[in-house]
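Trainee: Sharing a structure with you now.
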Amino acid sequence: MQQPPPSPPAPPSPPAQRHNPLHGRTLEAIVTALHEHYGWQELAHLVPVRCFTHDPSVSSSLKFLRKTPWAREKVESLYLFMLRDVRRANAGQGG
């Protein structure tokens with residue numbers, strides 16, 4: 001009677017995401033927050049992609065950004081910048 005081969009070790013668990021501001025945020029929430037903060041016109045200026053410049057909507061933006069990694073990275077970077085900017089503005093009001 002042969003023993004079955006040992007099972008491979010479990011893959012290491014991913015590192016904790018507690019310091020990642022994008023963790024748990026959907027792309028829809030990110031695009032909506034950027035639209036509310038900047039508006040479509042400023043968003044199109046900051047990230048000049050067609051989904052923001054021609055008949056923009058959250059829906060059309062999501063379709064494009066899900067298919068286009070480089071544009072999604074730009075949008076995520078802008079979102080992180082917006083969060084830092086808002087945090088700085090709020091910290092300035094408290095002092």
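The values are calculated or read from the model by the stated rules, or taken from the named source; none is laboratory data. The model shown is predicted, which means the values in this text are computed figures rather than measured ones. Cβ: placed from backbone, ideal geometry, glycine included. Neighbour counts: every protein chain shown. Side chains are part of the model used for accessible areas, which takes the heavy atoms of the whole protein and leaves out ligands, DNA and RNA. Shrake-Rupley method; radii C 1.70, N 1.55, O 1.52, S 1.80 Å.
Trainee: Taking only segment 54-93 into account, find how many residues are in contact with a helix residue (DSSP H, G or I) (Cβ under 7 Å, 6 or more places away or on another chain) and within 13 Å of H37 (Cβ to Cβ).
Mentor: So the count comes out to 4.
One line per residue, one yes/no per condition, for (1) acidic (D, E); (2) loosely packed, with under 15 Cβ neighbours inside 10 Å; (3) at pLDDT below 95; (4) part of a helix (DSSP H, G or I):
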position: V31; (1), (2), (3), (4): no, no, no, yes
position: E36; (1), (2), (3), (4): yes, yes, no, yes
position: C51; (1), (2), (3), (4): no, no, yes, yes
position: L62; (1), (2), (3), (4): no, no, no, yes
position: R84; (1), (2), (3), (4): no, yes, yes, yes
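Trainee: Which members of segment 38-49 meet the condition of being open to solvent by 40 Å² or more (accessible area, probe 1.4 Å) and either touching a residue at least 12 places away in the same chain (Cβ under 8 Å) or not polar (S, T, N, Q) (or both)?
Mentor: Y38, W40, E42, H45, L46, P48
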